[in-house]
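The values are calculated or read from the model by the stated rules, or taken from the named source; none is laboratory data. Worth saying up front: this structure is predicted, and the values here are computed from it rather than measured. So basically every Cβ, Gly included, is an ideal-geometry build from the backbone, and we count neighbours across all protein chains shown.
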Amino acid sequence: MTHRSDPKTLVALALRLKGFGEVWTVASVHELDAETTAAILSGMVENEKCVMRQVEAVEKYVLTPTGREEGQAALAKELKVVGARGVVETMYEKFLQLNPEMLQLCTDWQVINDGSGEQKLNDHSDSEYDTKVLDRLVVLDQQILEILRPLIGVLSRFDNYPSRLASALEKVLSGDLDWLTKPIMPSYHTVWFELHEDLLATLGINRASEGSV
């Protein structure tokens with residue numbers, strides 16, 4: 001039976017994945033209600049686990065070092081209690097095999113060879129080229145779903161990724177090209193990046209020591 005994480009753990013993790021965010025952004029990661037999320041964030045501010053900053057008149061939250069450390073400890077405890085380390089480690093290794101393909105795909109989407117050996121920004125005027133890149137994305141999407149299924153089987157908090165990836169993929173295939181690589185929005189690459197960070201956080205691995213970007 002899959003394990004459901006404590007809402008406090010989910011809020012701290014969502015803040016780590018997002019870097020910063022307002023209440024609805026944090027709540028949306030694991031489909032928590034806004035009222036619960038706001039109450040948890042308020043308690044975290046009071047206990048100096050996160051800070052609230054006004055950004056263009058919008059309240060946004062960011063983890064403190066203490067909040068990050070305690071969130072990491074909660075994830076480690078959860079992993080031990082559930083006995084899911086073996087599954088997560090195996091799926092993480094499989095993810096690492098796919099990650100270079102995703103990074104190369106994003107590069108190919110953004111930059112194109114102009115035929116003279118020089119590269120230029122892809123203006124997406126070559127539909128045949130773009131279609132080939134998107135065909136690769138569809139295959140990659142099926143492969144990442146195969147990795148997510150066992151993760152969801154042990155930790156239900158991973159169940160947010162299939163729907164978020166599917167939503168971004170659908171938008172890209174429908175012609176909204178920003179939804180593949182554009183940052184500061186739930187594009188396919190943004191969600192992929194958050195999944196990577198989620199796996200690192202769950203296993204207590206530092207991204208810098210992993211050698212990934």
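Quickly run through region 44-66 and pick out the residues that are over 17 Å from Ala27 (Cβ atoms) and either part of a helix (DSSP H, G or I) or outside the structural domain of Gly21 (by TED's automatic domain parsing) (or both).
Across region 44-66, the qualifying residues are Glu46, Pro65, Thr66.
Would you mind telling me which numbered condition in (1) among the acidic types (Asp, Glu); (2) under 24 Å from Val133 (Cα atoms); (3) in a helix (DSSP H, G or I) Asp198 fails?
(2)
Any residue in region 84-95 that's part of a helix (DSSP H, G or I): show its pairings with residues that are of a type in the set (Ser, Thr, Tyr) at Cβ separation under 7 Å, as long as the two are six or more apart or on different chains.
Pairs found: Val88/Thr202.
Could you list, in sequence order, all residues of region 27-71 that are loosely packed, with under 12 Cβ neighbours inside 10 Å and either among the basic types (Lys, Arg) or closer than 22 Å to Val191 by Cβ (or both)?
Glu31, Asp33, Arg53
Take the residues of region 114-147 that are in contact with a strand residue (DSSP E or B) (Cβ under 6 Å, 6 or more places away or on another chain) and part of a loop (DSSP other than H, G, I, E, B): which is modelled with the lowest pLDDT?
Filtering first and then ranking leaves Asp114.
Out of the residues in region 161-191 that are polar (S, T, N, Q) and assigned to a helix (DSSP H, G or I), which is surrounded by the most Cβ atoms within 10 Å (Cβ to Cβ)?
Thr190
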